[in-house]
Amino acid sequence: MSEALVTVETAGTEAPVPAASGTRQFWRRLRAQRAALVAAAVVALLVLVALAAPLLTALEGQDPTTYHPSLVDSARGGVPIGSFGGISADHWLGVEPQTGRDMFARLVYGAQVSLGVALAATVLQVVLGVAMGVASGLGNRWVDQVLSRITDIFVSMPLMIMALALLAVVPSGFPRPVLVALIIALVAGWSTTAKMVRAQTLTLKNLDYVAASRLSGWSTWRTAVRELLPGLAAPVITYSALLIPSNISAEAALSFLGVGVKPPTPSWGQMLTSADVWYQAAPQYLLLPAAALFVTVFALTVLGDGVRVALDPRAASRLRIGTGRRLEARADKGVPATDKADAVAMQNDAVAGKKEDRA
C-alpha cells in the first residue's frame, strides 16, 4: 500500500510530507496539552509509590499494621503525642489516633489497594462490556434484544445495595480487595461500556469495509477481531481512562460505609471511615487520605480528558484551527512565530483555507 502523503505549500512550491501514523499523532496531540502531561506525571508518581510501598516503608523502618500505644495519649482518648500528629524522624507523617500505627506506611499501602482495585475493576468492566456490546451489535435481532435487556437490568442496579447483598452471602475468608473489585466491575460500569460499544458497533458494521468482510464469508469472530476492534479502540480507551477515577471513588465509598476493605488492610476509604471523629483532635488523620484521594481522582480525570481529546480527530482539528487563527492574528500584529511548530501550524491552516476557497 502506498504511503499516505500530506501536501504542504511553502514559498510557492508543493513538497510531499509523509503523514504521521496514528500513534505519533496521538502522542503529539497529548504532548500539546500541558495539563494532561502534568496529570500523567502525577499518576505515574502515584503508581510508582504504590509499587514501591514495601521499599518506602522499609526505608522509614515502619509497617502499616504494628501498633505503637506509647505514641498516643490515652488520657486524651488516644490523640497522638507531639505536634502535627506525632511527626518525627521515625514517623514521617505521624501516627494514627488510638492505635499509633504509622500514617505514611498506611497511606502508601492504601495506594496499592485503592489503585489496584480500581485498575482490576476497570479491566473487567472493559472486557465484559466490549464482549457484550460487540455480540449485541453483530448478533441478530433476538440476540440484540436479549443482551440489551440484560444490560438494562445491570444499569438499573444500585451499587451500594448490591454490594451489601453480595457481602452478606460471600464467605468472610474471601479476599476483600478482590471481592470489592468484582462487585464494582460486575454491578457498575460494564453495562454502560456495553451500551457505548453496541452503539459504535452498529455504526461501524454498516461501513463498506466491514460489510465486505462479512459478505466475503468471514466469521463473526474474525470480523469483530480484524475489522471492528481497531475502530473501537479509541472510544474504549477514552472511556476506560475515565472509568478509573470513578472506580477509585466507588472503592472509597464502599470502604467508608464499612462494606469495602476491612482492617487491618489499609485503604484510603477505610482510613476515612474512622477519621470523622478525629478531625478536630488530629486533623491530619482526615486530611491526608482525603488529599490523596482528591489528587488521584483529579489527576486521572484530567488525564482521561486529555486522552479523549488526543484520540478525537474532530477535537484535535478544532484545537489546531483555533491555534492557527491565534497565530495568524499574532502575525498580523507583527509578532513572529515562536518556533517551528508554530510556523508549521500556520502553513497547515493556510493550506486548509486555500482548499476551502477552491471548493
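The values are calculated or read from the model by the stated rules, or taken from the named source; none is laboratory data. Only a predicted model underlies this, so the values are computations on that prediction, with no experimental measurement involved. So basically every Cβ, Gly included, is an ideal-geometry build from the backbone, and we count neighbours across all protein chains shown.
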Taking L202, is it in a helix (DSSP H, G or I) and farther than 21 Å from A120 by Cα?
-> yes
Taking the stretch 111-154 and keeping residues part of a helix (DSSP H, G or I), farther than 24 Å from S246 by Cα and small (G, A, S) leaves A135, S136, G137
From the options V178, V210, V197, residue that is surrounded by fewer than 19 Cβ atoms within 10 Å (Cβ to Cβ) and among the β-branched types (V, I, T) | V178
Return yes when M162 is hydrophobic (A, V, I, L, M, F, W, C), touching a helix residue (DSSP H, G or I) at 6+ places or on another chain (Cβ under 9 Å), assigned to a loop (DSSP other than H, G, I, E, B) and in the same structural domain as S255 (by TED's automatic domain parsing) and no when it is not.
-> no
Residue satisfying condition, being exposed (fewer than 14 other Cβ atoms within 10 Å of the Cβ) and either of a type in the set (D, E) or modelled with pLDDT of 90 or more (or both), within set L93, L56, L45 = L45
Picked from the stretch 27-79 (must be charged (D, E, K, R) and in contact (Cβ under 8 Å) with a residue 40 or more places away in the chain), the residue farthest from M103 (Cα to Cα) is R29
G86, sole failed condition from (1) touching a Gly at 6+ places or on another chain (Cβ under 7 Å); (2) at pLDDT 90 or above | (2)
Going by the structure shown, is L159 within 22 Å of the chain's Cα centre (by Cα) and surrounded by fewer than 18 Cβ atoms within 10 Å (Cβ to Cβ)?
-> yes
Would it be correct to say that G231 is of a type outside the set (D, E), in the same structural domain as S148 (by TED's automatic domain parsing), at positive phi and surrounded by fewer than 20 Cβ atoms within 10 Å (Cβ to Cβ)?
-> no
Output the residue which, of all residues in the stretch 272-296 that are assigned to a helix (DSSP H, G or I) and among the aromatic types (F, W, Y), is surrounded by the most Cβ atoms within 10 Å (Cβ to Cβ).
-> Y285
